[in-house]
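Below is one structure; the comments refer to it alone.
The values are calculated or read from the model by the stated rules, or taken from the named source; none is laboratory data. Just so we're clear, the structure is a prediction, and the values are computed from it rather than from any experiment. Here the Cβ is made from the backbone with ideal geometry for all residues, glycine too, and neighbour counts use every protein chain on show.
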Amino acid sequence: MKNIVILISGTGSNMAAVVKSARREGWLEKFDARVAAVISNKADAAGLRFAQEQGIDTAVVDHKAYGARDEFDAAMAAAIDRYEPALVVLAGFMRILTPGFVRHYEGRLVNIHPSLLPAFAGLHTHQRALDAGCRFAGATVHRVTADLDHGPILAQAVVPVLPGDSADTLAARVLTQEHRIYPETIARLLANRA
């Protein structure tokens, strides 16, 4: 069984897109894979409720309970490792991970970022794209490395920047593409491991 562990910090809309695709496309039968757990660094993350309603194990590892980033990452890794994951999927997980954590999951750790990497790594991507006068924006699925938002690119989706766009309207349009390319990319990774 290939277990997928998804890490979230908020609403978990990308996590929900992955869970729905896994069920709709029969990942269990096709790839012997399932979303085994959803783990958050925030107890009030709305996505935890969705995961529980789907019968998926959930856990919270509150980053505020740890004095140092490596202590938090060690606790998070202990929670993840209970599931012996084939993939660890970052879906709106808003914590910078230590190099040791990234090394521990090397080759199994993926993220989605709301820009066309390598442009606009980090936060406030939509506003930064608007401020730069970009005509296109988008989303990138990439492998996670110790360099923030600079891992090998696995997939990208492009959306036009429209006249009158705000950061919010652009973000909403990009998010629809995130919900499409993230599950597709995860399915491809699972197929390659089959």
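Quick check, is P152 exposed (fewer than 15 other Cβ atoms within 10 Å of the Cβ) and under 22 Å from P183 (Cα atoms)?
It is true that P152 is exposed (fewer than 15 other Cβ atoms within 10 Å of the Cβ) and under 22 Å from P183 (Cα atoms).
Select, from V38, V88, the only residue that is touching a residue at least 60 places away in the same chain (Cβ under 8 Å) and not in a helix (DSSP H, G or I).
Step by step, each of V38, V88 is checked, and only V88 is touching a residue at least 60 places away in the same chain (Cβ under 8 Å) and not in a helix (DSSP H, G or I).
Within region 157-167, count every residue that is in contact (Cβ under 8 Å) with a residue 24 or more places away in the chain and either surrounded by 17 or more Cβ atoms within 10 Å (Cβ to Cβ) or outside any strand (DSSP E or B) (or both).
Going through region 157-167 one residue at a time, the tally reaches 5.
Of all residues being of a type outside the set (G, A, S) and buried (at least 18 other Cβ atoms within 10 Å of the Cβ) in region 8-33, which is nearest to R95 (Cα to Cα)? Just the residue, please.
The residue in question is I8.
Can you tell me which condition V159 does not meet? The list is (1) modelled with pLDDT of 95 or more; (2) more than 26 Å from V19 (Cα to Cα); (3) touching a helix residue (DSSP H, G or I) at 6+ places or on another chain (Cβ under 6 Å); (4) not aromatic (F, W, Y), and all the others hold.
Unmet condition: (2).
Let me spell it out: the conditions are (1) farther than 22 Å from R193 by Cα; (2) in a helix (DSSP H, G or I), and K20 meets all of them except one. Which number is the exception?
(1)
Can you tell me which residue among H142, H124, H104 is at pLDDT 95 or above and on the phi > 0 side of the Ramachandran plot? Reasoning before the result, please.
On the way: H142 fails: on the phi > 0 side of the Ramachandran plot; H104 fails: on the phi > 0 side of the Ramachandran plot.
Answer to the selection: H124.
Out of the residues in region 113-131 that are in a helix (DSSP H, G or I) and free of Cβ contacts under 8 Å to residues at least 40 places away in the same chain, state the one that is surrounded by the fewest Cβ atoms within 10 Å (Cβ to Cβ).
Residue satisfying both the conditions and the ranking: D131.
From (1) assigned to a helix (DSSP H, G or I); (2) under 17 Å from the mean Cα position of the chain (by Cα); (3) over 21 Å from T145 (Cβ atoms); (4) not acidic (D, E), pick out the condition that doesn't hold for N14.
So the condition that N14 fails would be (3).
Please go through region 41-75 and give me each residue that is out of contact with any strand residue (DSSP E or B) (no Cβ under 8 Å at 6 or more places or on another chain) and either among the charged types (D, E, K, R) or part of a strand (DSSP E or B) (or both), ordered by number.
D44, R49, E53, D62, K64, R69, D70, E71, D73, listed by residue number.
Among the residues of region 135-149, write down those that are surrounded by 13 or more Cβ atoms within 10 Å (Cβ to Cβ) and either under 14 Å from the mean Cα position of the chain (by Cα) or closer than 12 Å to S115 by Cα (or both).
A137, G138, A139, T140, V141, H142, R143, V144, T145, L148, D149
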